[in-house]
Every structure is written in structure tokens, then in C-alpha cells.
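Participant: Sharing a structure here in C-alpha cells format.
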Amino acid sequence: MSREFSKIKESLASWGEIRQLLRGGEQGQLVPVVIPKDRRGFAWMALVFLALYCAGMAALTDLTIIAALAALVFLGLALLTMWRKAIIEIEEGTTGVRSRWGAITSTLPPGRHYLWLPWDRVDAVVDTSTEIPYSAPIVACPTAENVPLKSIEFFLKFRIVDPVAFVRTIGAGNFDLVLSSAVQDAIRQRSRRVHTERAYDLRGSDVGDMQDALNRQLGRYGVRITGANIPDVQLPDQYQQHLSTREKVAKEMSAYEREWELTRKRRIDTLLMEIERSKKTRDARVVEVKAAHNTARKDVARMLEEQETEAQRVTWEIEARGRAELTAAENEAKALRRLAESYRDNRAVLQYELARKRLDVGAKLAENAPQPLVVRTQQGQSDSALSTLLLAQLLPRISGTGSGHVNGHTPSS
């Protein structure tokens, strides 16, 4: 682990060295800002004076053509030199800070620019695209129990987002002091909140709050922290020995736990095998019981079927006997009904014969019976009691005669 802070500085260099300094640094130090040397100078003024001198010679001497050509050549060389010295090329990923008479006026984006006036110049070229790494190992950071840690290494990345504010406000050299002081303060505050036994937890822990705090402190300088972490923490030697003993005990405990886990797994496997064997035995017995149950069910079913067959046979016999008895009873009833009809027919015949005999007897009796005598009275008069009495006395007397007249009336039947 590195034991030194990263160093940030600014360098003075020519335009050809700017790229190397911004990308590779100088002597192991970070160089985010390079002050370019002004290469324009006043060499073109001498060429202008020579052109004026040649022009004067062409006007005052006989060497008119040669002096005029020389004047034109010197004037062209002066313009070419002036044009060549006015070209400024800003590399991609960097920003130039332009000033006039010492006052910063604007920034120059990447590309080719022309500074024709001699009082316009580029004060600095600032790397505004690269995330610059910065390492800060802090020594003797006390923990919550006031135990000084051997060292805590803090690593961050920052980027210059406002080159004018960075150059005008602080500069690279002063920024190195401010950044190292801010990082040390943030690391010591973090270590004060950590117990010594949990110091190793700082490795790779979340340092978002520290990054936000650093951004609040360094934001006014045009710098933004893009990432931070704690890659390594070292405890004091005595405490490391104590931790080594604890780790040894922990390893032995872990080994014992692994051994006990293996023993437990072995016993569990044995019990599982016994359980599986018992399950197989139980399954075999269940199969036997099911087979016996199925056999018993078959026997019971067969017995029930036989009983049902026997019951059906008895039912059929009873039904057959009942139907036979019913048929016999119906036949007997039919016979009795026919006999009754015969009796009825015979009775009718007998009644007919009796009626015919009665008629015969009646006819014979009628032949021998006395003829009735009707006594007619006058028309419109009803029978009197005296006439009836007389008629009753006369009837026995005249019963033997065939016909006669009584009181002047003829009898009729």
C-alpha cells in the first residue's frame, strides 16, 4: 500500500509538452493544469522593418526592382510568421483559459484558434474530461475506543468541471493542500464512528456521505468528486495479533463446526436410510394388507353375489308360486263366475219356465174362473154404497152363468 499522498501541481511548458504533462504527469505528480509558454514573440516585427527598409531603398536608389522584390519577400515572411505564431490548438478533452491584459475573458474549446493580438494569450490549459485519481493514506486514525489505526487508505476520483473557477480561485498547488486536508478530516470523522473490532468493515464500505461532504467543500472550486472508496485498512500490530488469535480460534471453531456438521450429516443420512428402509418395509406390508383386503373384498363380493343369487332364486320361486296360486285363484274365480253365470242363466230359464207355468195355470184358472160383471149406472152419477152392497150379494149367485143383464145393462169385460 502506498504511504504517500498523491501530489497535484501545475506546470509551465511549451505547447508541444502539454499533452504529455496532462496525460502522464510530471515526476509522479498529477498535472491537471499546464501554463503554456507564449511562443509568438516579435520576430515578425524585424521582418516588417526589413521590408520597410527595402521599400525605402527601392524608392531612393537605383535598385528599385531588387529592393521591391526583397521588400515583398520580407513582408510575406512577416505575415507568414505572424499567422503561424497566432495559431493555438487546444487538445480534445481540455479547455483553454483566455485572458486579455491579464484578465480572464473566456474559455477556448478543443480545436484550432487564432490569437492575432499580442495582448491576448492563453493563461492555462485545464484537463476537464479526465477523472483524475487521488490516493490519500491517513496514518494514526483513532477509532471510537480511541485506538489509533495504523493507516486507512482513501481513494477518490475528481474532475474539473469549471476551469475558470479552478484557475481563478485556487490553482492546482493550493488545491492539493485543500483536498488532502479535507480528505484527512473526512476519514478521521468516519474512523471515530467505527469500533476497533469492526475496523475492517471500512474496506469497501459505502462512502457516499463522505463523497457528498467533499463535493460540498470543493464545489466552489469548480471540482466534482466522481467516485470514492476505502480500499485498505491496517490495524495496530498488537491488535492485529489479538485479531490473529481470535481468527485462529474462529478457524478452529469453524473447523469444529464443519466436523460437527459432517457428523450430523452422516447421522442424518444414516437415519434417513433407516427411515427409507422402514418405509420400504411398511410399503411392502401395506401392499400385503391391500392384497389381503382385496382378497377379502373379492370373497365378500362373491359371497354377497351368491347370497343375492340365492335370494333372487327364492324370490323367483316365491313369485312363481304366487303367480301359480294367483293363476289358480283366477281360474277358480273364473270357474265360479262362469258357474254363477250358469246359475243365473239357469235361474232365468227357471223363472221363464215358472212364468210360463204360471201363465198356463193362469190361463186354466181364467178358463174356469167366473166372468166379471160390470154394472153401469147412469151417466154422470157416481157409484153408491147401496149399489155396491147389492152387487156383492149378487156376484156369488151369478158366478155360474156365462153372461146376463142386470137392471137393463149388458155386462162387458
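The values are calculated or read from the model by the stated rules, or taken from the named source; none is laboratory data. Fair warning: this is a prediction, and the values are worked out from it, not measured in the lab. Positions of Cβ are backbone-derived with ideal geometry, glycine not excepted, and every protein chain shown enters the neighbour counts.
Participant: Scan segment 175-189 for residues that are surrounded by fewer than 20 Cβ atoms within 10 Å (Cβ to Cβ) and touching a residue at least 40 places away in the same chain (Cβ under 8 Å) and jot them down. So that I can check it myself, show each step before the final result.
Facilitator: Taking segment 175-189 first, the residues surrounded by fewer than 20 Cβ atoms within 10 Å (Cβ to Cβ) are 177-178, 180-182, 184-185, 188-189.
Those that are surrounded by fewer than 20 Cβ atoms within 10 Å (Cβ to Cβ) and touching a residue at least 40 places away in the same chain (Cβ under 8 Å): Val178, Ser180, Gln184, Arg188.
Participant: Could you list, in sequence order, all residues of segment 78-100 that are at pLDDT below 70 and over 16 Å from Tyr114 (Cβ atoms)?
Facilitator: Once the filter is applied, which keeps residues that are at pLDDT below 70 and over 16 Å from Tyr114 (Cβ atoms), segment 78-100 yields only Ala78.
Participant: If you take the residues in segment 130-157 that are under 27 Å from Leu22 (Cα atoms) and of a type in the set (Ser, Thr, Tyr), which one is surrounded by the most Cβ atoms within 10 Å (Cβ to Cβ)?
Facilitator: It comes out as Tyr134.
Participant: How many residues does segment 127-160 contain that are assigned to a strand (DSSP E or B), of a type in the set (A, V, I, L, M, F, W, C) and closer than 15 Å to Arg198 by Cα?
Facilitator: So the answer is 3.
Participant: Taking the conditions exactly as written (at pLDDT below 85 and among the aliphatic types (A, V, I, L, M)), does Ala301 satisfy them or not?
Facilitator: no
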